[in-house]
């Protein structure tokens, strides 16, 4: 037998070792890929909806997991603290990538906390909480949208493309909304510094002339009968662009209109009682008070504007007429010039006062009429049309619903009133409303996402 060389022995040993190691490797368990704990983040932790609403606001959810594609993750509501308000089965999640949209179907009025769970690969999960509030159902719910972020909408103008610029009587911030959808403002402008205001101007009227929006405060005392100088303000803003691209800059401001109205009334025999209505202790929302809510320019004019009063009625008694005073140099009043006045108008609105005035390019006016009082929305509201002729009285075109939260406060724009099926968009002030059944007025809610005003379309043609 021939001798085996040391090299051959080493080769055989190496081959055997290789076989053994290979077999051992095949016997070892296969380790799964390493996945991190998924993450879930809300665009806002607070969301408001309404029972029976169409197109309620939604919230965006961002999810991710290291080692996994976001499309492999699932998101679902897994817990609710009050199923009578919203059930987990009423939470809809759409989208397949890292960003999902969450919508909630409100079942009842109140609050609930919804737990949202993201499930990733490897069975790993993470949760977050959505604090949800639901207001009750309203009439005309399919034509209603909710403007969130503030609750005291008090004046509005159309800026094109369905977008609406809204003033609020509890702050000096102007908000731009998509008027066709529920949700937060797409842009905001805080005018505190520009107005040099310590308190709210109490914005109550607005109108657009060319690229200039005129805004007026209520000009009256506060609810306790105390004079607040910031409320005696008329100011302008300049617009560029339109729709979602609307941009805004502050224009000018004037602070003499209240005083000029009082002096003018005194010079004419105190026929409207403006001095008494503005005296210390006088409540603005009383039948003989002093409170401005409507502002619109006369047809074909860029100087004469109608100032509509919520109070006083003329005479100041049940069934009195609504008062409108033409300011013939409003373009200058907004820059600080003293006002000049035309012949006042007295409108028979069935004992109601002016809450807003709006005109279209055809010279057709709509008047939003409501109570002078600071009552809830159970008082009557109505829409009147007017042809712009001083000698003519407005004509009622529609009684408005009054069983829902909020008071009708602003007309966005006037359609052609001669067209069949013409529709007008109105906005409520919900500031004093108990939206969620907890006794808290909307303006006092802690989270602005829960504050809201309601926009509704009505057919009037």
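Taken residue by residue, region 329-339 has no member that is assigned by TED's automatic domain parsing to the domain that holds residue 375 and under 18 Å from residue 381 (Cα atoms). Just one of the numbered conditions (1) within 30 Å of residue 139 (Cα to Cα); (2) surrounded by 15 or more Cβ atoms within 10 Å (Cβ to Cβ); (3) out of contact with any helix residue (DSSP H, G or I) (no Cβ under 9 Å at 6 or more places or on another chain) is not true of residue 328: (1).
Where strands (runs of 3 or more DSSP E) fall entirely within region 57-107, those with at least 1 residues that are over 28 Å from residue 177 (Cα atoms) and not assigned by TED's automatic domain parsing to the domain that holds residue 448 are at 59-64, 74-80. For region 346-358, taking the residues that are in contact with a strand residue (DSSP E or B) (Cβ under 6 Å, 6 or more places away or on another chain) and surrounded by fewer than 20 Cβ atoms within 10 Å (Cβ to Cβ), the one that is nearest to residue 296 (Cα to Cα) is identified as 346. Just so you know, in region 53-63 the residues that are at pLDDT 95 or above and surrounded by fewer than 17 Cβ atoms within 10 Å (Cβ to Cβ) include one that is farthest from the chain's Cα centre (by Cα), and it is 62. All told, residue 361 meets the bar of being out of contact with any strand residue (DSSP E or B) (no Cβ under 9 Å at 6 or more places or on another chain), surrounded by fewer than 23 Cβ atoms within 10 Å (Cβ to Cβ) and modelled with pLDDT of 95 or more. Residues in region 183-195 that are in contact (Cβ under 8 Å) with a residue 24 or more places away in the chain and over 19 Å from the mean Cα position of the chain (by Cα) were compared, and the one that is surrounded by the fewest Cβ atoms within 10 Å (Cβ to Cβ) is 194.
Residues in region 198-213 that are surrounded by fewer than 21 Cβ atoms within 10 Å (Cβ to Cβ) and part of a loop (DSSP other than H, G, I, E, B) were compared, and the one that is nearest to the chain's Cα centre (by Cα) is 199.
Among the residues of region 405-431, those that are part of a loop (DSSP other than H, G, I, E, B), closer than 30 Å to residue 112 by Cβ and modelled with pLDDT of 95 or more comprise 430, 431.
Residues of region 27-40 include at least one that is surrounded by 14 or more Cβ atoms within 10 Å (Cβ to Cβ), in contact (Cβ under 8 Å) with a residue 60 or more places away in the chain and in a strand (DSSP E or B).
Any chance region 346-359 includes a residue that's in a strand (DSSP E or B) and more than 28 Å from the chain's Cα centre (by Cα)?
Start the filter on region 346-359 by keeping residues that are in a strand (DSSP E or B), which leaves 346-347, 353-359.
Checking which are more than 28 Å from the chain's Cα centre (by Cα) leaves us with 346-347.
Among the residues of region 346-359, at least one is in a strand (DSSP E or B) and more than 28 Å from the chain's Cα centre (by Cα), which makes the answer yes.
Summed over region 96-106, the residues that are more than 16 Å from residue 129 (Cα to Cα) and surrounded by fewer than 19 Cβ atoms within 10 Å (Cβ to Cβ) give a count of 5.
Would you be able to say whether some residue in region 411-421 is surrounded by 15 or more Cβ atoms within 10 Å (Cβ to Cβ) and touching a helix residue (DSSP H, G or I) at 6+ places or on another chain (Cβ under 9 Å)?
The first filter runs over region 411-421 and keeps only residues surrounded by 15 or more Cβ atoms within 10 Å (Cβ to Cβ), leaving 411-415, 417.
Subset that is touching a helix residue (DSSP H, G or I) at 6+ places or on another chain (Cβ under 9 Å): none.
No, that holds for no residue.
Scanning region 148-182 for residues that are assigned to a loop (DSSP other than H, G, I, E, B) and without any contact (Cβ under 8 Å) to a residue 60 or more places away in the chain, we see that the one that is surrounded by the most Cβ atoms within 10 Å (Cβ to Cβ) is 172.
The values are calculated or read from the model by the stated rules, or taken from the named source; none is laboratory data. Fair warning: this is a prediction, and the values are worked out from it, not measured in the lab. Cβ sites come from the backbone with ideal geometry, for glycine too, and all protein chains shown count toward neighbours.
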